[in-house]
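The values are calculated or read from the model by the stated rules, or taken from the named source; none is laboratory data. Here the structure is a predicted model, which means the values were calculated and not measured. Using ideal geometry, Cβ is built from the backbone for each residue, glycine included, and neighbour counts are taken over all protein chains shown.
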């Protein structure tokens, strides 16, 4: 709180107003708490009261199996984190380059532009899991030299191809959202197309697309589990192994909890950035 | 020889002609003021001169070179001109200093130190020395427009184009912007400006041109245009904007 300005003595009317506001905010706080408790109790009652509950509890919420699976699933999860951390910067680079290629107007660049359009059309259209299959099994089958054999690396390539197309579109939307007058101002100062892009348009575009980009990355974090389909021992794969040996599905719950632990902070960070930029615009 | 020669320029938008064969010549150190109703083609003419619009017919020569030629290097031509817009168009993600030094550094290859030194000099000259580190949205409209003019000047252009630079400002801020234009004139800058400020136009212009529906209808000294216009359309326009003070 900042100190009150000189010469201002709070009037009796203002003090009465603040008392009423305080009372009202206490009341809304208690209503929110009470209704939350009621909802939780109702949900718990509906679940545990259902006829199949004992069976479900046994197969999904077995604390013994939970403890047993945790170390393996956790070590598998570290691979998910690694795939995510390597794929994310690659996706940003691919996405930005493709978006920039689509803005090129000179005739020499026509093939590049066409390629960029084809790339985004194809990889946004094909389900991520299919891209992972095609890259994971198809790419090594070509027998080309230099193609990595490591399954996790192939997974990173597939995720980069798939998400690169989405992120390219996000960047392109950002670039398009910079007002034409900014182009006019930069070009009139003698800046070339490339320099206008680099110094004027892209910096403004990137700032605008940070929240949607983070949203795509929340989605990427959980899609790293799709890489399980081609075999590397990440969290979902480890959970599958445990589940199939005991016919108990609790290991899946372990994996799900780990993914939530990773994505929730990212989601909250996205919210925070969105609120911040809104506040800034309101200034 | 004139610095800029516009000959028979046409500009069409969707079947409607905004400029219909405009001729205009501007000598070195001359200040030309374009007046006319909204939609008469004043801004379009400036945008054509800056090559932000391509002309549909006619030619424009700058320092004897035809800049409307197909093969002309547009970026090189623009380096010799500065343009200031009604809406300032400062770069919001850059400080005032970076806005001003962007073109000198990235286009003209001036070193950072020299560019910044020159920028600070210009800022100090126009009473904005303390704003070098501010961002555009922290400045008033008048300050932003002065920065925009300084940004256009920083590349030492041979011709300045000022498009309604005071129209987005309230009267108190108009004065500070007009002050800077006055100084430019004293420094011998060649300028073409469009404005609704008739008093200022009369004071600063060497030549006043009246555009009417895409045609340059009348050209003369401010004295002649404002007191004794030849064309009835000019007279009618001045009456409508000046009221009793008109001719």
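Quick check on my filter: what residues within region B:13-54 are over 17 Å from residue B:205 (Cα atoms), part of a strand (DSSP E or B) and in contact with a strand residue (DSSP E or B) (Cβ under 9 Å, 6 or more places away or on another chain)?
B:17, B:18, B:19, B:20, B:21, B:22, B:23
Among the residues of region B:49-67 satisfying the criterion of being surrounded by 17 or more Cβ atoms within 10 Å (Cβ to Cβ) and without any contact (Cβ under 8 Å) to a residue 40 or more places away in the chain, which is farthest from the other protein chains (Cβ to nearest Cβ)?
B:67
Check whether at least one residue in region A:27-37 is at pLDDT 85 or above, surrounded by 11 or more Cβ atoms within 10 Å (Cβ to Cβ) and either part of a helix (DSSP H, G or I) or out of contact with any helix residue (DSSP H, G or I) (no Cβ under 8 Å at 6 or more places or on another chain) (or both), and report yes or no.
No.
Condition test on residue A:222, is it touching a residue at least 40 places away in the same chain (Cβ under 8 Å) and surrounded by fewer than 21 Cβ atoms within 10 Å (Cβ to Cβ)?
For residue A:222, the condition - touching a residue at least 40 places away in the same chain (Cβ under 8 Å) and surrounded by fewer than 21 Cβ atoms within 10 Å (Cβ to Cβ) - is met.
Residues being assigned to a loop (DSSP other than H, G, I, E, B) and exposed (fewer than 11 other Cβ atoms within 10 Å of the Cβ): count how many of those fall in region A:101-110.
The total comes to 2.
If we keep just the residues of region B:135-149 that are over 20 Å from the mean Cα position of the chain (by Cα) and within 14 Å of chain A (Cβ to nearest Cβ), which is surrounded by the fewest Cβ atoms within 10 Å (Cβ to Cβ)?
Checked region B:135-149; the qualifying residue surrounded by the fewest Cβ atoms within 10 Å (Cβ to Cβ) is B:137.
Is region A:268-279 home to any residue that is part of a helix (DSSP H, G or I), away from chain B (no Cβ under 14 Å) and buried (at least 18 other Cβ atoms within 10 Å of the Cβ)?
yes
What number of residues in region B:106-124 are facing chain A (nearest Cβ under 9 Å) and in contact (Cβ under 8 Å) with a residue 24 or more places away in the chain?
2
So which of A:220, A:214, A:233, A:189 ends up being under 30 Å from residue B:109 (Cα atoms) and either in contact with a strand residue (DSSP E or B) (Cβ under 9 Å, 6 or more places away or on another chain) or more than 14 Å from chain B (Cβ to nearest Cβ) (or both)?
When all the criteria are applied, what remains is A:189.
Being over 30 Å from residue A:275 (Cα atoms) and either at the interface with chain B (Cβ under 9 Å from one of its Cβ atoms) or touching a residue at least 40 places away in the same chain (Cβ under 8 Å) (or both) is the filter here, so list the residues in region A:192-209 that pass it.
Within region A:192-209, A:192, A:193, A:195 qualify.
Exactly one of these conditions fails for residue B:152: (1) surrounded by fewer than 20 Cβ atoms within 10 Å (Cβ to Cβ); (2) touching a strand residue (DSSP E or B) at 6+ places or on another chain (Cβ under 8 Å). Give me its number.
Residue B:152 satisfies every listed condition except (1).
Within region A:80-100, is even one residue part of a helix (DSSP H, G or I) and farther than 30 Å from residue A:213 by Cβ?
No, that holds for no residue.
If I ask for residues that are within 30 Å of residue B:90 (Cβ to Cβ) and touching a residue at least 40 places away in the same chain (Cβ under 8 Å), which ones from region A:145-173 would you list?
Within region A:145-173, A:167, A:168, A:169, A:170, A:171, A:172 qualify.
Looking at (1) within 12 Å of chain A (Cβ to nearest Cβ); (2) closer than 29 Å to residue A:207 by Cα, which is the one condition that is false for residue B:73?
All conditions are met except number (2).
Regarding residue B:103, is this residue part of a helix (DSSP H, G or I), facing another protein chain (nearest Cβ under 8 Å) and under 26 Å from residue B:167 (Cβ atoms)?
Answer is yes for this residue.
Scan region B:78-100 residue by residue and report those that are more than 8 Å from chain A (Cβ to nearest Cβ), crowded, with 19+ Cβ neighbours inside 10 Å and within 20 Å of the chain's Cα centre (by Cα).
Once the filter is applied, which keeps residues that are more than 8 Å from chain A (Cβ to nearest Cβ), crowded, with 19+ Cβ neighbours inside 10 Å and within 20 Å of the chain's Cα centre (by Cα), region B:78-100 yields B:84, B:88, B:99, B:100.
Going by the conditions given, is residue A:176 more than 21 Å from the chain's Cα centre (by Cα) and either away from every other protein chain (no Cβ under 14 Å) or modelled with pLDDT under 90 (or both)?
yes
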